[in-house]
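Written out below as C-alpha cells is the structure these notes cover.
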Amino acid sequence: MSFDLYFCSPPAAQFNRSRLHQCIGALDHVTESRSNDGSLIQFAYTNPDTGVYCLFDVLAGTEIEGYEPPVLPDCCADLGVSVSINFLRPHFFALELMPMISEIANSAGVLLYDSQEDRVYPPGTPSETLIDAWIEHNRRATQAMSQGDNPIRKPFLSSQQSLYWWRYSYGRRALQARLGEDVFVPSIMLMTADQQQITPVVLWSATVERRRFKSRRIPLPQVFPRCEYLMLAWGKAASTLQKGIVPYSAAVSLMENIMEDIEGPVDGMKVLWPARQDQASAVFEGLPLTELGDLKGIASDGFVDVVLP
C-alpha cells in the first residue's frame, strides 16, 4: 500500500520527457534498472544513512502492451512517470522525499497529480503541501491497518524522537567530516525488546590496555547524541566483545565535567575530546551496567510514529 504521485503535463503541451528522466536519474543514492524488453525503467532511491527509500517508474513509451494509464483530470496528460512511497512508515520519509520530488517537478516544469487527494499540484507548489498530504494519509493507513481481524501493528517511537533520529542520521556524515578521524560520530541504533516500543541506543566502545597484572578500558573519544541508553562494549575482537547498557542520563551526569556541548544536526549533543580519554576511562570502568536483555536492532522502516488507537 503506497502513496502515489504522477508526473503530468498540460494536454496540449509539447513536452520532452528526457528532461524529467534526467532530473530523476541525477539524484543521489539512486540505482537504475530496466525490464527485459526495455519498456520500463525504475529508479530506486535509497539513502544508506536514513534508510529512506522510494521508487520511480518511468515508461519508455505510453504505447506499451498491457499498460493501463492512470485516470487523470482533463487538465493533465500522462507522461508515464510516477513515484511511490510506502505507507506504514515514520513521518520523516515524507520530510526527506517530498522536497526532492517537488524539486524534480519544478526543474522539469511538470505537474504532479496526487491520486489520494484527486488533486493537481502545479510547478512551484511548496514541498510542505506534499509533506502534509503524505503524513495525513500515512496516519489514516497506519491506524486503519492496526485494527480489524488481521491487524498490522509495528513498534512505536514518538514523532519527536523519530524526527531527532532522522535529523541526526541525515547529518552524521557531514559532522564526521568536520571533526575528522580523531573523534567518532556514532549512529543512533534503533532497538526493541518487545516489538512494541523503540529504544534509541548509542554504542560507546573501548579498547582494553593490559599492563603487567592490571588492565583498564580506554574509551573512544566520540560524540554523544541524546538517546535512552548507551551500550558499552570492550575487548580486542568483535567476536569476544563484552557488552552492557547504562541509561544515557546516568552516564552523562557522571561525565558532565569531562564532556562539552557541540553544535551539529540536532540539539543536546555532547562530545568527549581525545584529551579527556584518561579521565573518561575511570568513568567507563565505574558505570553501573546491566545486561542487554532481548534488545534487537530494527530498521528505520520497521516502526511507526503514528499514535495507534
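No lab work stands behind these numbers, since they all come straight from the coordinates. Remember, it's a predicted structure, so these values are computed and weren't measured experimentally. Cβ placement follows ideal geometry from the backbone for every residue including glycine, while neighbour counts extend to all protein chains displayed.
A few remarks follow.
- Translational diffusion coefficient of segment 186-259 (Stokes-Einstein, Kirkwood radius from Cα pairs, 25 °C, 0.890 mPa s): 180 µm²/s.
- Between the alpha-carbon centres of segment 122-174 and segment 192-232 there is a gap of 30 Å.
- Near PRO221: Cβ cut-off under 12 Å, other residues only, Lys/Arg at +1 and Asp/Glu at -1. The net charge is -2.
- With contributions of -39500 (n - 2.57) from each DSSP H run of at least four residues, the per-residue ellipticity at 222 nm computed over the chain stands at -8500 deg cm²/dmol.
- Charge dipole magnitude, Cβ of K and R +1, D and E -1 - segment 159-296, Cα centre, debye nearest 20: 560
- Long-range HN-HN contacts of ALA60 with modeled amide H, under 5 Å: LEU40, ILE41
- Check: segment 2-145 dipole with +1 on Lys, Arg Cβ and -1 on Asp, Glu Cβ, in debye: 160
- Working note: Debye formula, equal point scatterers on the alpha-carbon atoms of the chain, no solvent; log10 I(q)/I(0) at q = 0.09, 0.14 Å⁻¹ is -0.59, -1.07.
- Using only alpha carbons, segment 2-145 has a radius of gyration to Kirkwood radius ratio (Rg to Rh) of 0.94.
- Charge-dipole axis of segment 159-296 as Lys and Arg at +1 and Asp and Glu at -1 on Cβ define it, positive-most pick from THR207, SER162, GLN279: THR207
- Pairwise label distance in nanometres, THR129 with GLN160, each label 7 Å out on the Cα-Cβ vector: 3.2
- Highest-first packing order for the peptide set 35-43, 89-97, 220-228, 74-82 is 89-97, 220-228, 74-82, 35-43, based on the mean count of other beta carbon atoms within 10 Å.
- Mean sequence separation of contacting Cα pairs (under 8 Å, at least six apart), scaled by the length of the chain, corresponds to a relative contact order of 17 percent.
- Translational diffusion coefficient (Stokes-Einstein; Kirkwood radius from C-alpha pairs) of segment 88-174 at 4 °C, 1.567 mPa s, in µm²/s: 88
- Largest-first principal axis extents of the Cα set of segment 107-149 (Å): 45, 17, 13
- Lacking any other cysteine beta-carbon closer than 4.7 Å, the following Cys residues of the chain have no compatible partner: CYS23, CYS54, CYS75, CYS227.
- Tensor-based shape of segment 148-199 (alpha-carbon gyration tensor, a/c under 1.5 rounded, otherwise prolate or oblate): prolate
- DSSP beta bridge pairing in segment 159-296, given as percent antiparallel to the nearest 5: 75
- Mean Kyte hydropathy of -1.0 or more with a Cα span along the axis of at least 24 Å, helices from DSSP in the chain: 92-108, 127-145
- Calculated diffusion of segment 159-296, Stokes-Einstein form, Kirkwood radius summed over Cα pairs, 37 °C and 0.692 mPa s, µm²/s: 210
- Dipole in debye (nearest 20) - the chain, about Cα centre, beta carbon charges: Lys, Arg +1; Asp, Glu -1: 1760
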